[in-house]
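Undergrad: Would you mind keeping the following structure in view while I ask a few things?
What follows is calculated from the coordinates using simple rules that are stated; it is not laboratory data. Since we're looking at a predicted model, the values are computed, not measured. In this analysis, Cβ positions are derived from the backbone assuming ideal geometry, glycine residues included, and neighbour counts consider all displayed protein chains.
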Amino acid sequence: GAERAMSLRSEGTRLLLDGALTMDTVPALLSEARLACRKSVEVIDFAAVVEIDSAAIAFALELKRTARAAGRRISFENLPQGMLNLAQMYSVSEQLQS
């Protein structure tokens, strides 16, 4: 499909995700996103995410783990409904929303 490429943009302590967050895009984003979570990011904003699959859940949980390992906390905003539905299916809703 003609899906938008995924991009990450930092604005202060926010990391803005834009595009498709899928198995095709997540691997390329992970190291940059991990780095951001270790350094300054406190909030990850999913408002501009247009497509997700189960990789989006793995991505989000990995960033939580990365931040926790660095002694930091991150939270997610504007999670897409599809991502919330998947999180319930996988029984990880609390982890995404804590």
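Undergrad: Given the DSSP H assignment, sum -39500 (n - 2.57) over each helix run of at least 4 residues in the chain and divide by its residue total; what's the result at 222 nm in deg cm²/dmol, nearest 500?
TA: Values: 4 runs with 44 residues, N = 98.
Helix contribution divided over all residues of the chain: -13500 deg cm²/dmol.
Undergrad: Order 48-56, 14-22 from most to least packed using the mean count of other Cβ atoms within 10 Å. Intermediate results must be reported in sequence, preceding the final value.
TA: Details: 48-56: 18.0, 14-22: 19.7.
The most tightly packed comes first, giving 14-22, 48-56.
Undergrad: To the nearest 20 debye, what is the magnitude of the charge dipole of the chain about its Cα centre, counting +1 on the Cβ of each Lys and Arg and -1 on the Cβ of each Asp and Glu? Display every interim value, and only then the final one.
TA: Working: 11 positive and 12 negative charges, 112 e Å.
Taking the Cα centre of the chain as origin, the dipole is about 540 debye.
Undergrad: Rounded to the nearest 0.05, what FRET efficiency do residue 9 and residue 61 give with R0 = 22 Å and r taken as the Cβ-Cβ distance? Could you check? Write down the numbers at each step before the final one.
TA: On the way: r = 22 Å, r/R0 = 0.98.
Using R0 = 22 Å, I get an efficiency of 0.55.
Undergrad: Still on this structure: From the residues 17, 79, 69, which one has its Cα farthest along the dipole of the chain in the positive direction, the dipole being from +1 and -1 charges on Cβ of Lys/Arg and Asp/Glu about the Cα centre?
TA: 69
Undergrad: Give me the percent relative contact order of the stretch 20-92, please, defined on Cα pairs under 8 angstrom at least 6 residues apart. Mind dumping the intermediate values first?
TA: Working: 77 pairs, mean separation 30.0, N = 73.
Once normalised by length, the contact order is 41 percent.
Undergrad: Obtain the nm distance between the two label points defined at residue 48 and residue 89 by a simple spin-label model: each point lies 7 Å from its Cα along the Cα-to-C-beta direction.
TA: My value for the distance between the label points is 2.7 nm.
Undergrad: Tell me, in nm to one decimal, what length is gained between residue 70 and residue 35 on full extension, where the rule is 0.36 nm per residue of separation less the Cα-Cα distance?
TA: Values: separation 35, 0.36 × 35 = 12.60 nm, distance 1.03 nm.
Extending this stretch completely gives an extra 11.6 nm.
Undergrad: Where a ≥ b ≥ c are the square roots of the eigenvalues of the C-alpha gyration tensor, would you call the chain rounded, which needs a/c under 1.5, or, failing that, prolate if a/b is larger than b/c, or oblate? Can you show the working numbers first?
TA: Values: a/c = 1.64, a/b = 1.15, b/c = 1.42.
Here the chain falls in the oblate category.
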